[in-house]
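**Student:** Sending over a structure as structure tokens; questions will come in a sec.
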Amino acid sequence: MTDVTLYHWEPNANSGKPMLALFEKGVAFDSHYLDLLNFDQHKPDYLAVNPLGTIPAMTHGKLVLTESTAIMEYVDEAFDGPRLMPADPIDQWRTRWWMKFMDQWLAPSFSMIGWSVFVGPSVRQKDPAELEAAIDRIPMPERRVAWRKAINGAFSPEEMTESQRRVALGIGYLEQALGERQWLASDEYGLADINGFNLAYAMPLSQPQLCNDELTPHIMRWLRAIYARPATRACWALGRTDLARRISLLESEPA
Amino acid sequence: MTGILYHGQPNGPSFTVLAAAFEKGVDLDLRAIDLVAGERHSTALPHPIEVDQSIEGEGPVLVVDGVAMTDSVFLACYLDEVGSGPAIRPADPYARWQMMAWCRYVIERVAPAAAALGNAATPPPAVPAGIASADLDARWAQAVEAKVDEAQLADSRSKIFQAVEKIEAQLADGRDWLMGDFSIADLETHAWLAGMRAIVPDAFAAAPLTDAWEARLRARPAVAQALGLATVPEPEAIWAIGPEINRWG
Ligand SMILES: N[C@@H](CCC(=O)N[C@@H](CS)C(=O)NCC(=O)O)C(=O)O
């Protein structure tokens, strides 16, 4: 029994950020797995925790927290364990800058591609009436639109091209930043790396023509270094699907 | 500490950073630039990724020790760390989470809506040369050509209504400031909403707590000092290009 409960899906994207931060801090928590593809996040039990119906959410005693990046900052400050926010104020700024850049620019582009090739097809075969009812239960209007598009395969070619453009550019920016320093935002492993790894761990598989040992050696070095950490192994062991198992590609040796 | 702050009129993100610097007593070399004329893209400023790809759009740039920093909330956090004035972030981790989550809401939902409405009300004259980010360039072109998507503007107005409702609810227990103690959340929220009174007046029609909060905020010496840097009578009517409206949801 602990006084921390994390409501999460796979160790991936927004769910994986607080999961990995908790493992790095050595904070024991009760894991409450929600199946995103089964719309668990829009069911009344969970809406009582996070009325917006998005994953993740965390409770600490009576406190309820949402917003994965803000949760990570809380985890770092509220618990003992290694410090994950750098000490230097400029490095702190850079940590937050990169997390925002990933959260609000790069990750949504990865999401659009992921939802179009994976999430949509995974739920499409369900009974149409059941799907309509499931979409009607989604609290945020923006998310109802996203789910409809994913299910109907209705992302426009322009949207997809724009997302692919951003993914290609974003990989270049990450490579550049990791060429300048060992970790994304400072000389020590920290929150920006935890955030970034959740976005990037499967890139060599999903974007092999953009992310590989030849083109992006710094990204590959960084991903392998994070994969080697015991906290990362423990965190990804909570995955239940092939999505999380993609991490094993990082066992490969540099080419 | 020495730093150079390139800033626009005290509205939007420039307001937040100027007021935060004065609250914290951080002595900066203030350099006013015309954000609406695109001066942020001139070669006089440094152009690392963090300047050219800032999610905020045309916000201020703070240069310290050769590092050019952007994004107003995080600049304010930086100023809180290095300045000697009273804290502008709560010390308790949960209260701090509340402040960061509130600011994220403002950044992600309110700011794009306000900027879109501001640009539609007063379209900038021309797209400046030298914009590195293609999506920022596209937002400029859309604003200059006044290509107004009515559905998007209607949604933006509803975001302003929601923001005012959220402030009213937050202040309902009689507190003076959004997080209890004065914080960056007050600055960032005011930064984007100040100009909305003229553009979406109905949102403020029955918001007495918000009115009183704004009056308290404007009475703070640091806020008055920031607004005093305006070189136009109504800085809140000056809108450079802001963050994009969330394309995912
Ligand atoms: N800004 C939020 C976003 C959370 C979010 O959108 N999570 C996704 C999963 S990565 C989700 O819940 N999607 C399912 C849905 O919207 O139904 C955060 O960072 O926590």
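The values are calculated or read from the model by the stated rules, or taken from the named source; none is laboratory data. As the structure is a prediction and not an experimental result, all values here were calculated from the model. Cβ sites come from the backbone with ideal geometry, for glycine too, and all protein chains shown count toward neighbours. For the accessible areas, the whole protein counts, side chains as well, though only heavy atoms, and no ligand, DNA or RNA atoms are used. Shrake-Rupley method; radii C 1.70, N 1.55, O 1.52, S 1.80 Å.
**Student:** Whole percent per 5 Å bin, from 0 to the bin with the longest distance: what is P(r) over all C-alpha pairs of region B:4-82?
**Tutor:** Values per bin, smallest distances first: 3, 17, 31, 29, 15, 4, 0.
**Student:** So for the pair A:Ala28, B:Ser42, with labels modelled 7 Å out along Cα→Cβ, what separation do we get in nm?
**Tutor:** In this crude spin-label approximation the distance works out to 6.1 nm.
**Student:** Still on this structure, I have one more. Checking buried surface per residue: for region B:234-249, which residues lose a minimum of 50 Å² accessible area in the protein assembly relative to the chain alone (1.4 Å probe)?
**Tutor:** B:Arg247, B:Trp248, B:Gly249
**Student:** Distance cut-off 25 Å, Cα to Cα: go down the list A:Lys25/B:Lys24; A:Lys43/A:Lys149; A:Lys25/A:Lys100 and report the pairs above it.
**Tutor:** On the way: A:Lys25/B:Lys24 31 Å; A:Lys43/A:Lys149 21 Å; A:Lys25/A:Lys100 22 Å.
Beyond 25 Å between Cα atoms: A:Lys25/B:Lys24.
**Student:** Sticking with this one: Determine the shielding of peptide B:72-79 by partner chains: average, over its residues, the number of Cβ atoms on other chains within 10 angstrom of each Cβ. Intermediate values should be presented prior to the final figure.
**Tutor:** Numbers: counts 0, 2, 8, 3, 0, 4, 6, 2.
Mean shielding by partner chains, rounded to a whole number: 3.
**Student:** Using alpha carbon centroids, what distance separates region B:198-230 and region B:156-186, in Å?
**Tutor:** So the separation of the two Cα centres works out to 12 Å.
**Student:** Count the DSSP beta bridges whose two residues both fall in chain A, then state the antiparallel fraction as a percent rounded to the nearest 5. Present the calculation step by step, with values, prior to reporting the outcome.
**Tutor:** Working: 8 of 12 bridges.
Approximately 65 percent, going by the DSSP bridge assignments.
**Student:** Now, a different point. If the viscosity is 1.306 mPa s and the temperature 10 °C, what translational diffusion coefficient in µm²/s does Stokes-Einstein give for region A:4-78 when Rh comes from Kirkwood over Cα pairs? Please list the in-between numbers first.
**Tutor:** On the way: Rh = 12.1 Å.
Translational diffusion coefficient: 131 µm²/s.
**Student:** Average partner chain C-beta neighbours within 10 Å, per residue of A:87-100?
**Tutor:** Mean shielding count: 5.
**Student:** Could you sort the peptides B:119-126, A:164-171, B:14-21 by per-residue average Cβ neighbour count (10 Å cutoff), highest mean leading?
**Tutor:** Sorting B:119-126, A:164-171, B:14-21 by mean packing, highest first, produces B:14-21, A:164-171, B:119-126.
**Student:** Can you give me the orientation-averaged projected area of the convex hull built on the Cα atoms of region B:50-208, in nm²?
**Tutor:** Working: hull surface 43.5 nm².
The orientation-averaged projected area of the Cα hull of region B:50-208 comes to 10.9 nm².
**Student:** In square nanometres, what is one fourth of the surface area of the convex hull spanned by the alpha carbons of the protein assembly as shown?
**Tutor:** Orientation-averaged projected area of the Cα hull: 22.9 nm².
**Student:** Let me ask you something else. Just for chain B, what percent of DSSP beta bridges are antiparallel, to the closest 5? Kindly include the intermediate steps, with their values, before the conclusion.
**Tutor:** Working: 8 of 12 bridges.
Percentage antiparallel, nearest 5: 65.
**Student:** Still on this structure: Of all accessible surface on region A:4-78 at a 1.4 Å probe, what whole percent is carbon and sulfur?
**Tutor:** Details: 1320 of 2470 Å².
Looking at region A:4-78 in its full context, I get 54 percent from C and S.
**Student:** If you don't mind, there's one more thing I want to ask. Take B:Ala237 and B:Asp211, extend 7 Å from each Cα along the Cα→Cβ direction, and tell me the distance between the two endpoints in nm.
**Tutor:** 2.2 nm
**Student:** What FRET efficiency would be calculated for the residue pair A:Lys62, A:Arg148, taking the C-beta separation as r and a Förster radius of 25 Å, to the nearest 0.05?
**Tutor:** 0.10
**Student:** In whole Å, what is the distance between the alpha-carbon centres of region A:1-17 and region A:144-185?
**Tutor:** Cα centroid to Cα centroid, the span is 23 Å.
**Student:** Expressed as a whole percentage, what fraction of the accessible surface of region B:4-82 belongs to carbon and sulfur atoms when a 1.4 Å probe is rolled over the protein heavy atoms?
**Tutor:** That fraction is 47 percent.
**Student:** Any idea of the accessible area per residue across chain B, 1.4 Å probe, to the nearest Å²?
**Tutor:** That works out to 38 Å² for each residue.
**Student:** Find how many whole Å separate the alpha carbon centroid of region A:92-116 from the alpha carbon centroid of region B:51-100.
**Tutor:** 19 Å
**Student:** Here's something else I'd like to know. Within region A:110-145, list the trypsin sites (Lys or Arg not before Pro) lying in a DSSP loop whose Cβ has at most 16 other Cβ atoms in a 10 Å radius.
**Tutor:** A:Arg124, A:Lys126, A:Arg137
**Student:** Taking Rh as the Kirkwood radius, which is the inverse of the mean 1/r over Cα pairs, what is the Rg/Rh value for chain A?
**Tutor:** On the way: Rg = 18.0 Å, Rh = 18.9 Å.
Rg divided by Rh gives 0.95.
**Student:** Next question, about the same structure. Share of antiparallel DSSP beta bridges in the protein assembly as shown, in percent to the nearest 5?
**Tutor:** If we restrict to bridges inside the protein assembly as shown, about 65 percent are antiparallel.
**Student:** Express the accessible area of region A:1-143 per residue in Å², computed with a 1.4 Å probe while the remaining protein chains stay in the model.
**Tutor:** That works out to 38 Å² for each residue.
**Student:** What is the gain in length, in nm to one decimal, between A:Glu158 and A:Gln125 on full extension, counting 0.36 nm per residue of separation less the C-alpha to C-alpha distance?
**Tutor:** Computed gain between A:Glu158 and A:Gln125 is 9.3 nm.
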